[in-house]
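Accompanying notes for the structure given below.
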């Protein structure tokens, strides 16, 4: 019976690692790639002749994307730390 429990735990751990890797991969590709494009376009837009109001909007886009990047970095850090345990 204890062997079944160990095998079950090992399967669950393996599955958890697979899910964690999939989530990590999605974060790094499916979220960061479009976010990088948004930042790039906002930076290009910021270098054009904008009204003060438009410049404020671009700055808000850049600030919001920076917050999202920080959140993604924190999640990635947690996932990496969990992998080391």
So what's the angle, to the nearest 10 degrees on a 0 to 90 scale, between helix 32-46 and the longest Cα principal axis of the chain? 10
Taking only Cα atoms, what is the 0 to 90° angle, nearest 10, from helix 2-26's long axis to the longest principal axis of the chain? 10
On a full-extension model of 0.36 nm per residue, what is the gain between residue 44 and residue 67, subtracting their alpha-carbon distance, rounded to one decimal in nm? 6.3 nm
Mean separation of Cα contacts under 8 Å, 6 or more apart, over the residue count of region 2-84: relative contact order %: 36
Nearest 500 deg cm²/dmol is fine: what mean residue ellipticity at 222 nm does the chain get from its DSSP H runs of n ≥ 4 alone, each adding -39,500 (n - 2.57), divided by its residue count? -30500 deg cm²/dmol
Compute log10 of I(q)/I(0) for the chain with the Debye formula, placing one identical point scatterer on every Cα and leaving out solvent, at q = 0.16, 0.19 Å⁻¹, to two decimals. -0.73, -0.87
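The numbers here are math on the coordinates, done by the rules we state, and not lab data. Remember, predicted model here, so these are calculated numbers, not experimental data.
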